[in-house]
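Engineer: Can you keep this structure in mind? I'll have questions shortly.
Only the coordinates and a few stated rules stand behind these numbers; no lab work does. Worth saying up front: this structure is predicted, and the values here are computed from it rather than measured. Here the Cβ is made from the backbone with ideal geometry for all residues, glycine too, and neighbour counts use every protein chain on show.
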Amino acid sequence: MEKIQTRLFVIVIAAFLFQSCSLVPLTGRRQLSLVSDADMLSMSYGQYDQFQKENRMSSNSADTNEVKRVGRNIQNAVTTYFARNNMSQGLNGFAWEFNLVENKEANAWCMPGGKVMVYSGILPFTRNETGLAVVMGHEIAHAVAKHSNERMSQALVEQLGGQVLAQALKQKPKQTQQIWMGLFGVGVQLGAVLPYNRLQEGEADRLGLIFMAMAGYDPHAAIGFWQRMSQKAGKQPPEFLSTHPTDKKRMTKIIAAMPEAMRYYKK
Ligand SMILES: [Zn+2]
């Protein structure tokens, strides 16, 4: 009797997990999803506004304008890419925004719905507009591939016993917000950071190169950027590396993805 119950339990769980997996058209991969796009967007917009209120945005207008210019160029590239592949509905509800925060950490992220934040501390690594396009293209790729839906779902399973987002937010607002911030490496202790996994990094690298190339930036700049970043890995690695872990294999894959990206490159 007990065995049957266990088996039944396993079947129910499996069915639940299968139902909770959604196919992301951009990557053709099934992702665990305990969160609706609508809940993700509403949380994203709230947390992004709060971040802007609690932090000092850069007063350097040249740098800020550069962030906004690169962001708009990549946004246009993404919009074109989605339209060409009949996937425009994947950008429904996006309300793009690009800002530069005065913060010595080397970090950058894009919350769901196209809410991008670049930290002034990453500019020494990006060096110029093309380098900035590497970072912003990569972050935007994570967002349009809905990687945060996947990571938030995993965190809800691991830390809150598989609650759906709206319910978790109502019952444990503080913890849910902390998990959320951990997705982007925002002001949290190292232990709370949830890194992207290798599969997600690979997808963001490939798509990021395509988007930046379509926006008119030479994707080869990605090689130099990741080399400069990984040289700083060590005792106190940049925040950016804690959410985007890198290894030797990554550079090989980036180089292998270059010919495809170059087909989209228009000078
Ligand atoms: Zn990444």
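Engineer: Which one of Thr130, Thr176, Thr27 has the biggest mean-square fluctuation once the chain is modelled by GNM with Cα springs under 10 Å?
Structural biologist: Of the options given, Thr27 has the highest mean-square fluctuation.
Engineer: Using only Cα atoms, figure out Rg for the range 184-264 and give it as a multiple of 2.2 N^0.38 Å.
Structural biologist: So the range 184-264 has a normalised radius of gyration of 1.15.
Engineer: Have a look at Ala143, Ala256, Ala155 and tell me which one the Gaussian network model of the chain (Cα, springs below 10 Å) gives the largest fluctuation.
Structural biologist: Most flexible of the set in this elastic network: Ala256.
Engineer: Which residue fluctuates the most in the chain, going by a Gaussian network model with Cα springs under 10 Å, if the choices are Val101, Val24, Val67?
Structural biologist: Among Val101, Val24, Val67, the largest GNM mean-square fluctuation belongs to Val24.
Engineer: Moving to a separate point now. Under a point spin-label approximation (7 Å from Cα along Cα-to-Cβ), what is the Gln171-Asp37 distance to one decimal in nm?
Structural biologist: 2.7 nm
Engineer: State, as an integer percentage, the relative contact order of the chain based on alpha-carbon contacts under 8 Å between residues 6 or more apart.
Structural biologist: Once divided by the residue count of the chain, the mean separation gives 18 percent.
Engineer: Provide Rg over Rh for the chain; use the alpha carbon set for both Rg and the Kirkwood Rh (inverse mean inverse pair distance).
Structural biologist: Over the Cα atoms of the chain, Rg/Rh equals 0.99.
Engineer: Counting Lys +1, Arg +1, Asp -1, Glu -1, what net charge surrounds Asn128 among other residues with beta carbon under 14 Å of its beta carbon?
Structural biologist: Computed value for this residue: -1.
Engineer: On alpha-carbon atoms, Rg over Rh for the range 124-255 using Kirkwood Rh?
Structural biologist: That ratio is 1.01, to two decimals.
Engineer: Here's something else I'd like to know. Taking every Cα atom in the range 83-155, find the radius of gyration and the maximum pairwise distance Dmax, and write them in Å.
Structural biologist: Cα only, the range 83-155: 13.5, 40 Å (Rg, Dmax).
Engineer: Taking a cut-off of 22 Å between Cα atoms, list the lysines near Lys249, but don't count ones fewer than 8 places away on the same chain.
Structural biologist: Counting by Cα, and skipping residues close in sequence, Lys249 has these lysines nearby: Lys232, Lys235.
Engineer: To continue, here is another question. Within the chain, what percent of beta bridges assigned by DSSP are antiparallel, to the nearest 5?
Structural biologist: Around 65 percent of the beta bridges assigned by DSSP in the chain are antiparallel ones.
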